[in-house]
Each structure stands twice: as C-alpha cells, then as structure tokens.
Amino acid sequence: MRLGGPRRAVPGPAHSPGALARVCRSSGWGRGPPAVVDTKGEYGDLAGLYLPIAIAVFALVALALVAFLVLFRARRPGPPSARHEHNALELAYVAVLAAIAVVLLVRTFGVESRVDASAGAGALRVAVVGAKWDWRFAYPGLGVRSTRGELVVPAGRTIAFSGRSLDVIHDFWVPGVRFQHQVFPDHVERWKLVFPRPGRYQGVCAWFCGLFHQDMRFTVRALAGAAFDSWVASRR
C-alpha cells in the first residue's frame, strides 16, 4: 500500500535542569512559536542535521575499527603493556559525544516546541476523535456537521487540533507533512498544524489498535480560502 504525499506538491532527566533551560532559551526554545509552522520543513531541517552527524559518527567508528585491526593484527614481542586506561582520550570522546547530544537535544526540542505549541487566536479549531476504526472531525464554532474519514481544512492557515480517543491509543499520522500525534482515552491532546498548499493528503492510524487497524485511514483535503468557505456553507 502506497501512502505517499499529497497529489500536488507540498511533501531522561538532566543533571542540571536550570542549566539545560538556559541553553534551550538561548537557542530560541521556549520563546513562543511563530504564527505558522511548516512541519515538513521543520522535520526536514532536523533530519538534515541528524543524518550527517550519524554518518560522521559511523565513519569514525568504522575507521577506528579498521585501524585497530591493521595496527594490532599481530602479537608484538615482549611483555604486554600494563596500561589499561587513557584518560585524555576518554575525556575527549565523552566531551564530543556530550556536545553532539546537547546540540541534537536543543534542536529537537526546539522543533517539537514549535510544532506542538498551542495555536494563536486566528487558528481554525478542529476536534479529532479516534475510535475503532475510523476518524471523526468536528469544527467547533463553525456550525459544521462533523465528518468521518475526511478532514477538510483551509490551506496555509494554522489549524488548532484537540484530539482524544474513545477506546484505545490511536496515532494521527499524515505522512505528506511528516506529522503524527497520539490520542488517548480520557485525555485531550492539543497540537497545531499547517497544510501549506491546496491538495489532498492521506492519513492513517500509525499505532496498532486492533483487528481492523489497517482500515483506520482518513483523507485531508486542503482547500484555498474561498473554496473552504464554500465547503463550510454547504455543510451547515
């Protein structure tokens, strides 16, 4: 089954909480999100940071392994060295790994903060309900009848979602904008999302939820402003 993107182009606790908070504030995390969040761009940039770091770390480990295999492939004459620690080397690689972890932590939580933050006053509010085995969408304040299996939104506008489940954990996943968020029974989750261009996006439940989990799909239809207004009028 090919989920694909839209048919039109779009796409543990810290040892020092105070110090971590200062670092995160200096990076922009916690200052408040921008009015519009393009999740595909946000997560694409984040992946662009993770991938080269992962490749570099893998390359260094592989090169070190090959070097040790070549340099120490034969037993040297004489008694073996009694030295079993290299404090300077150990401190160096611990410092490098800690620096990488801090950079990734700050960038990751910065992105999550912008994506998950509550929306501003101009956002369209949509209530999401997940239940075996479909999705239901309501539009509080618009006087629109709720829909099943299809989410209709205005393109380029911030959508403020509130989501919950009627039974088990479900996962609201829209691959075309690289976004997913779990919904739980007896608890309301909140997130915001933007569908940057008009088009059609496929959505699924990404958390196994029972016998007909594979049928728990939905479609997102992002419309231009005038087209969305017409749709709202037709649903009243």
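Here are some notes:
- The calculated FRET efficiency for the pair Arg190 and Ala95, based on their C-beta separation and a Förster distance of 35 Å, comes to about 0.35.
- Listed peptides 168-176, 208-216 by packing density, highest first (mean Cβ within 10 Å): 168-176, 208-216
- Only the Cβ atoms of Lys and Arg (+1) and of Asp and Glu (-1) were treated as charged; on that basis the dipole of the range 124-235 about its Cα centre amounts to roughly 360 debye.
- Over the range 119-170 - Rg/Rh using Cα atoms and the Kirkwood inverse-distance radius: 0.98
- Restricting the range 62-111 to chymotrypsin sites (Phe, Trp or Tyr not before Pro) that sit in a DSSP loop and have at most 16 other Cβ atoms within 10 Å of their own Cβ leaves Phe72.
- Dipole-positive endmost among His213, Phe172, Pro196 within the range 168-236 (Cβ charges, Cα centre): Pro196
- The range 48-139 shape via C-alpha gyration tensor axes, a/c threshold 1.5: prolate
- Relative intensity, log₁₀ I(q)/I(0), of the range 124-235 from a Debye sum that treats every alpha carbon as a point, q = 0.15, 0.17, 0.20 Å⁻¹: -0.59, -0.76, -1.05
Since every read-out is calculated from the coordinates, none of them should be taken as a lab result. Keep in mind that what you see is a predicted model, and the values were worked out from it rather than measured. Note that each Cβ is placed from the backbone with ideal geometry, even for glycine, and that neighbours are counted across all protein chains shown.
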